[in-house]
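Peer 1: Please read through the structure below; I'll follow up with questions.
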Amino acid sequence: MRNLADADLRGLLALLADIGYREIEPFSYHGRTPEQFRDLLDAAGLRLIGFHIGWDRWLNDRDAVFEEMQFLKVPYAGVSGIFPNPPSTLSAYREIAAELNEIGEEAGDAGIRFYWHNHAYEFAQVRGRYLYDVLLDETDPDLVFFELDLYWAVTGGVEPVDYLTSRDWPQYRFPLFHAKDRAANGKFADLGTGTIDFARSFGTLENKHYHHYLVERDSLEHPAETAEIGYEYLRGLRRRRGGGW
């Protein structure tokens, strides 16, 4: 929605509220101050469930980030990734995990849960081990959480259900999901029109009410339509499961 947000943030938030959304996850203020941004959210009846913050701000401007997230009453604040991508080595990811633990501890003290959002590059294998596993294994489960982007997980060559059922990580470490579909040719797709089995992925969750499901599509062909299709698709899945999530 980034182009619509830049052009008419107030109108976009009203559009999302009209569709039925109640939670959103931005990555910028689109030229507003936090105060102005919060006023617009309140006017639309929306709340922030998460906020993507650039890695550089987590490293160099952390106190200001915490103040902003507290003011906006954001329960989860995270990093969308590191760009350019870090070296694909176990040692590099152990260093990242140590930094995530440090940030997560300070975020917890500020009343915020810190999370990592994945792309495909974390699913490279080194000595038979996914780099993503390093982040999960070597971060404190009470300090560092994860937003599993299903499109990028599949693009990276893994089955999302695998990550939710076949390892010892508690599912509460995945409070957020990016529900983003993938066409057979690998391109982005609206929810329900691609190849990812969201019903199976979300059906494996033990406490479906705990998690938050965020509609996303990186390409911008028809953002308003994408938002409505995604909302109705997830709502339909929930109805078919008898309101279970």
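Read-outs throughout are calculated quantities, based only on the coordinates presented, and are distinct from any laboratory measurement. It should be emphasised that the depicted structure is a prediction, and the values quoted were computed from it without experimental measurement. Cβ: placed from backbone, ideal geometry, glycine included. Neighbour counts: every protein chain shown.
Peer 1: Given the options V161, P34, F123, identify the residue whose Cα lies farthest towards the positive end of the charge dipole of the chain (+1 on Cβ of Lys, Arg; -1 on Cβ of Asp, Glu).
Peer 2: V161
Peer 1: Within a Cβ distance under 13 Å of R129, other residues only, what is the Lys/Arg minus Asp/Glu net charge?
Peer 2: On the way: positive: R94, R127, R167; negative: E122, D133, D137, E138.
Net local charge, R129 excluded: -1.
Peer 1: Now for a separate question. Considering only the other residues whose Cβ falls under 9 Å of the Cβ of E216, what net charge follows from Lys and Arg at +1 and Asp and Glu at -1? Each step should come with its number before you reach the end.
Peer 2: Working: positive: K180, R217; negative: E25, D149, D218.
Net charge in that neighbourhood comes out at -1.
Peer 1: State which helices in the chain qualify, where a helix is a whole DSSP H run, it must extend 18 Å or more along its own axis by its Cα atoms, and its mean Kyte-Doolittle hydropathy must be at least -0.5.
Peer 2: Working: long enough: 90-109 (29 Å, -0.41); 223-240 (25 Å, -1.03).
Within the chain the helices that satisfy the rule are 90-109.
Peer 1: Report for the chain the percent antiparallel among DSSP-assigned beta bridges with both residues inside it, nearest 5. If you can, show how the numbers build up before the last one.
Peer 2: Values: 4 of 24 bridges.
Counting only bridges with both partners in the chain, antiparallel ones make up about 15 percent.
Peer 1: Among I19, P75, L4, which residue has its Cα positioned farthest towards the positive end of the charge dipole of the range 2-240, with +1 placed on the Cβ of Lys and Arg, -1 on the Cβ of Asp and Glu, and the dipole taken about the Cα centre?
Peer 2: Value: I19.
Peer 1: Between R173 and E225, how high is the FRET efficiency from 1/(1 + (r/R0)^6) when r is the Cβ-Cβ distance and R₀ = 22 Å? Nearest 0.05. The partial results should precede the final answer.
Peer 2: Numbers: r = 33 Å, r/R0 = 1.50.
The calculated FRET efficiency here is 0.10.
Peer 1: Still on this structure, I have one more. Work out, step by step, the length gained on full extension between D6 and D42: first 0.36 nm times the residue separation, then minus their alpha carbon distance; give nm to one decimal. Write out the running numbers ahead of the final one.
Peer 2: On the way: separation 36, 0.36 × 36 = 12.96 nm, distance 1.84 nm.
Result: 11.1 nm gained on full extension.
Peer 1: Could you please state, rounded to a whole Å, how far the C-alpha centre of the range 188-245 is from the C-alpha centre of the range 109-140?
Peer 2: Result: 23 Å between the Cα centres.
Peer 1: Beta carbons within 10 angstrom, averaged per residue: use that to sort the peptides 207-213, 37-43, highest first.
Peer 2: Values: 207-213: 14.1, 37-43: 15.9.
Ranking, from highest mean packing down: 37-43, 207-213.
Peer 1: Now for a different question. Only Lys, Arg, Asp and Glu count, each charged at its Cβ (+1, +1, -1, -1), so figure out the dipole size of the chain about its Cα centre, rounded to 20 debye. Display every interim value, and only then the final one.
Peer 2: On the way: 26 positive and 40 negative charges, 190 e Å.
Approximately 920 debye in magnitude.
Peer 1: With a bin width of 10 angstrom, please list the P(r) values of the range 2-240 as percents of all Cα-Cα pairs, from the 0 bin to the one holding the largest distance.
Peer 2: 7, 31, 37, 22, 2, 0
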